[in-house]
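Here, each number is a calculation from the coordinates, and none is a lab measurement. Fair warning: this is a prediction, and the values are worked out from it, not measured in the lab. Using ideal geometry, Cβ is built from the backbone for each residue, glycine included, and neighbour counts are taken over all protein chains shown.
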Amino acid sequence: MSRAKPKQGAKKIVIKVERTNTGFSAYTNKYPAFTTGRSAAELISNMVDSLNLYFEDEGIKRSVTREDLTFQIELSSVFDVFPINVKALAERIGMNYTLLSQYVNGKKKPSPRQTGKIMEGIREIGRELTEISLV
């Protein structure tokens, strides 16, 4: 999920994402808009459509794009969505494997600092993957 800048002056709308048996569901507390999708890309597209339909139905002169939204997902769900090797990630970010496993399984909740450390490790892997070429 990209980190594009919102339109100037507009505040990003926070979207909560949950993993389901059939894909994903998403909602926002700010507006009565919700949706589902089989993939992350489908969910994003559907959420943009859901919000724009809500604004249109309510006569609100606003339209949103993907860049206007911030998607949030529970840490444990990240590992359901993206099959990341927990042991390899723990080694990479210098975190105890058992502790990271407890975060991933929802047995413990990481502090904001620990969450940042985990997410930075995941983002670093993503950046590295975008910089390689396969032969």
TODO: Mind checking the full-extension length gain between Lys87 and Leu134? Use 0.36 nm per residue of separation minus the Cα-Cα distance, one decimal, nm.
DONE: 14.4 nm
Task: Ile15, Ile118, Ile60 arranged by Cβ crowding within 10 Å, fewest neighbours leading - done: Ile60, Ile118, Ile15
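Antiparallel as a % of all DSSP beta bridges within region 13-73, to the nearest 5? List each step's numbers first, then the result.
Values: 9 of 14 bridges.
Among the beta bridges of region 13-73, antiparallel pairing accounts for roughly 65 percent.
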TODO: Among the listed pairs Lys87/Lys108; Lys11/Lys107; Lys11/Lys109; Lys12/Lys87; Lys30/Lys117, give every one whose C-alpha distance is greater than 25 Å.
DONE: Lys11/Lys107; Lys11/Lys109; Lys12/Lys87; Lys30/Lys117
- [ ] Work out, in µm²/s and without decimals, the Stokes-Einstein translational diffusion coefficient of the chain at 4 °C, 1.567 mPa s, Rh from Kirkwood over C-alpha pairs.
- [x] 78
Open item on the list: Using helices alone, I'd like the mean residue ellipticity at 222 nm for the chain: each DSSP H run of four-plus residues gives -39500 (n - 2.57), total over residue count, nearest 500.
Closed with: -14000 deg cm²/dmol
- [ ] Rounding to the nearest 20 debye, state how big the charge dipole of the chain is about its Cα centre with +1 on each Lys and Arg Cβ and -1 on each Asp and Glu Cβ.
- [x] 520
Open item on the list: Assuming 0.36 nm per residue, please report the length gained on full extension of the stretch Arg127 to Asn105 beyond their Cα-Cα distance.
Closed with: 5.4 nm
Task: For Asp80, net neighbour charge (Lys/Arg +1, Asp/Glu -1) across residues whose Cβ lies under 13 Å away - done: -1
Task: Compactness of region 13-73 - radius of gyration and Dmax, Cα, Å - done: 11.0, 36
- [ ] Using a 10 angstrom cutoff on alpha carbons, build the Gaussian network for the chain and name the most mobile of Ala33, Ala90, Ala41.
- [x] Ala41
Open item on the list: Only Cα pairs within less than 10 Å get springs; with that Gaussian network setup on the chain, which residue of Lys108, Lys12, Lys61 has the largest fluctuation?
Closed with: Lys61
